[in-house]
Amino acid sequence: MRNRRDRRRGNSSVVHVTNRTLYGLPFLCRLFMELILLMVMARGQRLYPIHISHFVWMGNHFHFILTGRASSISPFMGYVQGEVAKYVKLLFPKRFQSCVWPERFHEQQLYTAHDVLQKIAYLYSNPARADLVHSIVEYPGSSSWKMFVTGTKTREVGHVRLGAFVAITQR
């Protein structure tokens, strides 16, 4: 856990962040869900001085490795979780009537290069540990694995207006 002095100074941090939804399977491996997740993450990175180095979205939870100003992690995560919750509630109105995220996200400071490498390995092995696939290469869900192995730095994703999204989902 970071101390308050780090937050006030705005020191740069590397953290592992995760959270779980109240009910399972809102992040199904569908193209529109991946576009929503990528759009929200891309916009969040434009709005806050945070960089998502690595990510994996599982059926009911996510893992991020974030770098950036320590004081910006909480507002960034509030934005990402809030925006994702809006879309999940539109897609699954009966299941997620009240809340998507039952608690605040969990963050773990990564102090050394060894800590970071261990978390990256943990993050990308998560789908295999859950017996969904044999390796991350086969995982159909949203992750940064392909960007990581090819060295792709960013991925541009346009913004989906909420009104247009509602019209599409109600057809």
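The values are calculated or read from the model by the stated rules, or taken from the named source; none is laboratory data. Treat the numbers as computed from the prediction; the structure is a model and nothing was measured. Heads up: the accessible areas ignore ligands, DNA and RNA and are worked out on the full protein's heavy atoms, side chains in. Shrake-Rupley method; radii C 1.70, N 1.55, O 1.52, S 1.80 Å.
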Worksheet item: By the gyration tensor of its Cα atoms, with a ≥ b ≥ c the square roots of the eigenvalues, what is the shape of the range 81-136: rounded for a/c under 1.5, prolate for a/b over b/c, or oblate?
Response: oblate
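If the viscosity is 1.306 mPa s and the temperature 10 °C, what translational diffusion coefficient in µm²/s does Stokes-Einstein give for the range 31-161 when Rh comes from Kirkwood over Cα pairs?
Numbers: Rh = 15.7 Å.
Reported coefficient: 101 µm²/s.
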Discussion item. If you count only protein heavy atoms and use a 1.4 Å probe, how large is the accessible surface of LYS86, to the nearest 10 Å²?
Written reply: 90 Å²
Fill in: Accessible-area value, ARG43, 1.4 Å probe, nucleic acids and ligands omitted, Å²
90 Å²
Fill in: Reach of LYS146 by Cα under 26 Å, taken over lysines that are not fewer than 8 positions away in the same chain
LYS119
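Please list TYR122, TYR111 from largest to smallest accessible area, probe radius 1.4 Å, with all protein chains kept in place.
Values: TYR122 85, TYR111 150 Å².
So, going from the largest accessible area down, we get TYR111, TYR122.
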